[in-house]
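Working notes for the structure below.
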Amino acid sequence: MDYRAVLTAATSCCALFLASCGSEPDAAPDSVEATATVAAEDTPAIEPSDMASGAAAGGVAAALDVEALKEHRDPERLLRYYTNAIRLGDWQAAARAWSLDAQMTPERLEAEFGGDAGPKIAVGKGDTEGAAGSLYYEAPVVIDFADGRESRRGTIVLRRVNDVPGATEEQLDWRIERSSTLPQ
């Protein structure tokens, strides 16, 4: 049985169901071809999307949703911001999506994702869990490179401080804590 075909069919059904539930009008989703994390409305992507460097990709929004960096409720919004920044080759903006503790730099991101052909990135629906005053959001990720590099699969984990007394606005913002992917 072809694992990818089964996964694609199952996620397509979920995507159609979630799309029929509606979405917030201010989410401003892109098409599947233009973003790494959304398919229909706010539904997570089910297939890797075209992630070309620069604004050459069709349907690419010229501006990033910088308000996603202040997001307290929807971790997927931050993931859309991050993958769109990678698609645009805006390594500085992509690095801002990471927590300070992760010590992610624009140079590290460019070394991992840069090149003549941008990666295709698909982020699936994740799960949120609470632990020790923090919320964690873990989602599956698939990265395919058009320039011959090996595809990678793994997870990406976001974290924010739970709504505890004394938490600063910055601590309440979702940030990428870590990502682990392995060649396929």
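All of the numbers you see were taken from the coordinates with simple rules; none came from a lab. Please read these numbers as outputs of a predicted model, since none were measured by experiment.
Quick notes on this structure:
- Mean sequence separation of contacting Cα pairs (under 8 Å, at least six apart), scaled by the length of region 55-142, corresponds to a relative contact order of 17 percent.
- Pair-distance profile P(r), taking every C-alpha pair of region 114-164, with 10 angstrom steps and integer %: 24, 36, 23, 14, 2
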